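> This is the structure I want to talk about, given as structure tokens.
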Amino acid sequence: MIYKRSSALFNEAKKYIPGGVNSPVRAFSAVGGEPIYIKKAEGAYLYDEDDRKIIDYIASWGPMILGHAHQPVVDAVTEKTKLGTSFGIPTEIETKIAKLAVEMVPNIDKIRFVNSGTEACMSAVRLARGFTKKDKIIKFAGCYHGHSDSFLIQAGSGGATFGEPNSPGVTKGTAKDTLLANYNDLESVKKLIEENKGEIACIIIEPVPGNMGCIIPEKDFLEGLRQVCDDNDILLIFDEVMTGFRLAKGGVQELLGVKADLVTFGKVIGGGLPVGAFAGKSEIMDYLAPDGPVYQAGTLSGNPLAMAAGLAMLTELNNNPEIYKSLEEKTAYLHNGIAEILTEAGVTHQINRLGSMISVHFCENPVRDFESAAKGNNPKFKTYFHGMLERGVYLPPSAFESYFLNNALSYEDLDKTLSALKEFAGTLK
Ligand SMILES: *Cc1c(COP(=O)(O)O)cnc(C)c1O
């Protein structure tokens, strides 16, 4: 039994933590079996409690874009810790990271820091509603914006996996203000706007979704959204919690050249500590308290350790823009390798990729929205996931998640990954 100690730890955890985990996807419910427990991580590798070295393709769901325990980040946090860990009063480092983020991301003047991506999206929507004085929002099936009530309507990943798109506890009153459109389907958006004339505050979207696998925006889709927002006084919110500082220094706004009115961040911006943020033009951001009427606050927001980790991470990315090219090349290499092996083994599949995000779907037709993503063959995905894990490769434990490559991965790691797949690709037929 290769997961002996992990299994024992999971059983102990289940006595005291609901389901044994503090975030549902970690329980491996979608793929069966039990989660592995991690003892430490370094570079591209996780080390589990059973002393196995595992190549990591999740990078803590994105933040560890430069690999685990990246030295400049570790040093920054270690030094800061010695000076006290929280004051609840302003510190200089908050301005430093804000200034850097505003320089790196196009089209934003001001940024406010919070503690998670959930908080960032929840606050951005409140701001959009306060600013436009309208109540309704449009989101897309399969897009995940954290677990705040308004977003738990066909929310991809965890929600989709567990077949509970509408969680109990979300009131009908809240749900009725969230309108659902289909990704890559501008007509579905226009229809909702038509039916709710003058009532829609904002459209929130993962511009490149990663929570129903990786989905690529089709030509003119994001541009079309920008246009309908302009035509109808609707704010466009890009949820770049996953894509921000990952697909490019300036996220999807930079990569695809489409402007959002508000942008949310998380994951990479915290360098592995709990950080989220939302940003936009001064005109909108100044509508926040204390200058404006929209309330938003946080005891640990702008926490010095979190800011130190985030600042070190963003500084690395800003100073070494070649990282993005390197990540993209590695991801393309992996893509080509997987495609070749699966094709040779006669396994029907689809691979979606942009930059360092990639997902493999066991289905016949292109995966371009939630409906097509849901057609993937889940039993095959389970075999694929466990086959890779047994061979020391950790992929997302759900068919509805993207992989996030980190730049500590070497070509040797990628080749090992491909060799692992080759060993059992025939069983995926
Ligand atoms: C992870 C994620 C969130 C939620 O962030 P948390 O830090 O988990 O609250 C929101 N939006 C997107 C696109 C995400 O990937």
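> State whether one or more residues within the range 51-65 are within 16 Å of the ligand (Cβ to nearest atom) and assigned by TED's automatic domain parsing to the domain that holds F238.
Checked against the condition, which is being within 16 Å of the ligand (Cβ to nearest atom) and assigned by TED's automatic domain parsing to the domain that holds F238, the range 51-65 yields no hits at all.
> Pick from the range 237-258 the residues that are assigned to a strand (DSSP E or B) and buried (at least 24 other Cβ atoms within 10 Å of the Cβ): which of them is farthest from the chain's Cα centre (by Cα)?
Kept after step one, since they are assigned to a strand (DSSP E or B), are these residues of the range 237-258: 237-239, 244, 248.
Filter once more, so that each one left must be buried (at least 24 other Cβ atoms within 10 Å of the Cβ): 237-239, 244.
Numbers: I237: 15, F238: 12, D239: 9, G244: 9 Å.
Among those that are assigned to a strand (DSSP E or B) and buried (at least 24 other Cβ atoms within 10 Å of the Cβ), it is I237.
> Here's another thing I want to ask about it. Within the range 117-136, can you find the residues that are touching a strand residue (DSSP E or B) at 6+ places or on another chain (Cβ under 8 Å) and within 14 Å of the ligand (Cβ to nearest atom)?
Within the range 117-136, G117, T118, E119, A120, C121, S123, A124, V125 qualify.
> Do the conditions hold for L262, that is, is it open to solvent by less than 20 Å² (accessible area, probe 1.4 Å), farther than 17 Å from G210 by Cβ and within 16 Å of the ligand (Cβ to nearest atom)?
So L262 fits the description; yes.
> Considering each of L100, L83 in turn, give the residue that is touching a residue at least 24 places away in the same chain (Cβ under 8 Å) and either within 22 Å of T264 (Cα to Cα) or within 16 Å of the ligand (Cβ to nearest atom) (or both). Show your work before the answer.
On the way: L83 fails: either within 22 Å of T264 (Cα to Cα) or within 16 Å of the ligand (Cβ to nearest atom) (or both).
On inspection, the qualifying residue turns out to be L100.
> Here's another thing I want to ask about it. Quick one: which residue in F385, F424 is outside any loop (DSSP other than H, G, I, E, B), open to solvent by less than 10 Å² (accessible area, probe 1.4 Å) and either at pLDDT 95 or above or of a type in the set (K, R) (or both)?
F385
Table: residues versus (1) away from the ligand (no atom under 16 Å from the Cβ); (2) crowded, with 17+ Cβ neighbours inside 10 Å; (3) at pLDDT 95 or above; (4) outside the structural domain of G43 (by TED's automatic domain parsing).
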site	(1), (2), (3), (4)
P274	no, yes, yes, yes
A289	yes, no, yes, yes
Y295	yes, no, yes, yes
L300	no, no, yes, yes
A306	no, yes, yes, yes
L311	yes, yes, yes, yes
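> While we're looking at this one, here's another question. Quick one: which of I193, I200, I204 is within 14 Å of the ligand (Cβ to nearest atom) and outside the structural domain of M357 (by TED's automatic domain parsing)?
I204
> Sticking with this one: I'd like to know if the range 76-96 contains one or more residues that are buried (at least 21 other Cβ atoms within 10 Å of the Cβ) and either outside any helix (DSSP H, G or I) or not assigned by TED's automatic domain parsing to the domain that holds G244 (or both).
No: zero hits.
> Of P209, P217, which residue is open to solvent by less than 10 Å² (accessible area, probe 1.4 Å) and in a loop (DSSP other than H, G, I, E, B)?
P209
The values are calculated or read from the model by the stated rules, or taken from the named source; none is laboratory data. This structure is a prediction, so every number in the text was calculated from the model and none was measured. Reconstructed Cβ throughout: ideal geometry from the backbone, glycine too, with neighbour counts over all protein chains shown. Side chains included, ligands, DNA and RNA excluded: accessible areas come from the protein's heavy atoms. Shrake-Rupley method; radii C 1.70, N 1.55, O 1.52, S 1.80 Å.
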